[in-house]
Amino acid sequence: MENYNKIIESLTVRYIKSRHLRILKPLVIENFFDVENTLIYLKKGDIRYGDNQVAKEGSILFIPAGRMTNLSYNAQNSEQITFDQFKDNKEAFFELSRDPALKGMKEPNYLYLNFEAKIFESVNFFSSLDIPPFVITNCQVLLDIMFDTFKEEVTKDTAGRERVIKNNTERVVIEILRYILSNKLFVEQLATNTTYFKDPRLVSIFGYIKANLAGDLSNKALAQIAQVSEDYVGQYFKMLTGINPQDYIEYQRMEEAVNLLRTSKLSIREIGQEVGYKGTAYFCRRFKMMFGIPAGKMRRRESLMDV
């Protein structure tokens with residue numbers, strides 16, 4: 001347990017948003033993907049996800065950051081669309097409610113919460129565990145936190161609002177981890193994928209990558225940071241993390257690109273350069289390959305929950 005406490009202490013948690021959505025008509029979204037973690041409380045209605053698994057009414061579906069999955073809302077007689085098509089026409093399927101009481105709706109409706117949880121401010125914690133989406137049941141504490149956070153989200157100009165949301169988001173991460181541990185979920189992944197956080201050389205590499213996304217991130221540069229040979233650094237990184245360093249670097253670059261698309265007014269060309277791509281065309285190709293949509297369309301939406 002001491003190891004998990006150390007991990008929790010090293011986490012940087014950031015609240016993104018929460019939304020209450022009413023489903024206007026059934027749909028299946030192919031290959032849903034977001035760079036942040038997503039919690040979905042099924043207030044009324046079911047969701048099918050992944051390989052035809054079912055999250056039932058009253059449960060919470062957790063989708064780790066960066067995990068691609070199909071999402072099927074009210075699947076019977078549903079329209080099947082790509083994630084790209086959904087983002088172009090999402091107002092036809094979802095309606096936003098800002099009622100903090102979440103009063104009864106006859107139609108299927110869901111409460112969403114998006115958040116970020118990073119170790120050393122660079123590694124997505126839940127993504128690093130390499131776990132699939134899963135359902136959380138009988139966790140009233142987590143549900144109460146989600147409801148309270150949504151209430152704070154929609155109630156403006158209240159004293160301490162930002163602090164409450166921040167504290168709630170940190171509790172969300174802890175309650176998810178507690179649920180995983182108490183239900184003995186993903187035991188092998190936890191045993192394998194949390195040990196590398198103890199290696200100070202790897203921590204140095206993570207920090208260097210985060211600080212130098214537009215700079216030299218060759219194996220030679222990483223080897224100098226880790227004080228290992230250039231021939232060995234790729235093997236060393238993959239042995240500890242399960243991913244080769246250049247794939248990890250590209251994901252970090254693309255994640256920062258998404259952040260800049262959402263929060264800055266930089267052009268697509270400038271964003272590509274900011275995260276280490278010399279050619280705009282190549283950056284756009286790699287972006288679409290990773291996220292399934294052009295960078296410009298990502299800019300026009302903030303996340304699944306915006307309507």
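Some notes on this structure:
- Ranked for footprinting exposure by Cβ neighbours inside 10 Å, fewest first, D34, D84, D144 give D144, D84, D34.
- Based on Cα atoms of segment 151-233, Rg over Rh with Rh as the Kirkwood radius reads 1.18.
- Kirkwood-based Rg to Rh ratio, segment 1-111, C-alpha trace: 1.02
- If you take all other residues with their beta carbon under 15 Å from the beta carbon of V141, and give Lys and Arg +1 and Asp and Glu -1, the sum is -2.
- Angle in degrees between helix 245-263 and the longest Cα principal axis of the chain, rounded to the nearest 10: 50
- With contributions of -39500 (n - 2.57) from each DSSP H run of at least four residues, the per-residue ellipticity at 222 nm computed over the chain stands at -13500 deg cm²/dmol.
- The chain: angle of helix 200-211 to the longest principal axis, Cα-based, in degrees nearest 10: 70
- Solvent-free Debye scattering, log10 I(q)/I(0), computed from the Cα coordinates of segment 134-287 at q = 0.20 Å⁻¹: -1.12
- As a calculated quantity, the FRET efficiency between L102 and I7 at R0 = 35 Å, using C-beta atoms, amounts to about 0.60.
- Value of D in µm² per second that Stokes-Einstein yields for segment 107-183, Kirkwood Rh from Cα pairs, at 37 °C (0.692 mPa s): 234
- Cα long-axis angle, helix 280-291 against the chain (0 to 90 degrees, to the nearest 10): 50
- Counting every C-alpha pair in segment 199-299, the share spaced more than 19 angstrom apart comes to 43%.
- Positive-end residue of N138, A211, L177, charge dipole of segment 116-228 with Cβ unit charges: A211
- Residue of R253, R163, R48 that the Gaussian network model of the chain assigns the largest fluctuation, springs spanning Cα pairs under 10 Å: R163
- Counting charges near H20 (Lys, Arg +1; Asp, Glu -1) among other residues having Cβ under 9 Å from its Cβ returns a value of +3.
- Each Lys or Arg adds one and each Asp or Glu takes one away; over the other residues whose Cβ falls under 12 Å from the Cβ of N167, this sums to 0.
- Within segment 199-299: Cβ-based charge dipole about Cα centre, in debye rounded to nearest 20 (Lys, Arg +1; Asp, Glu -1): 540
Just so you know, all these numbers are worked out from the coordinates, no wet-lab data involved. Here the structure is a predicted model, which means the values were calculated and not measured. Ideal geometry is used to build each Cβ from the backbone, glycine not excepted, and the neighbour counts take in all protein chains shown.
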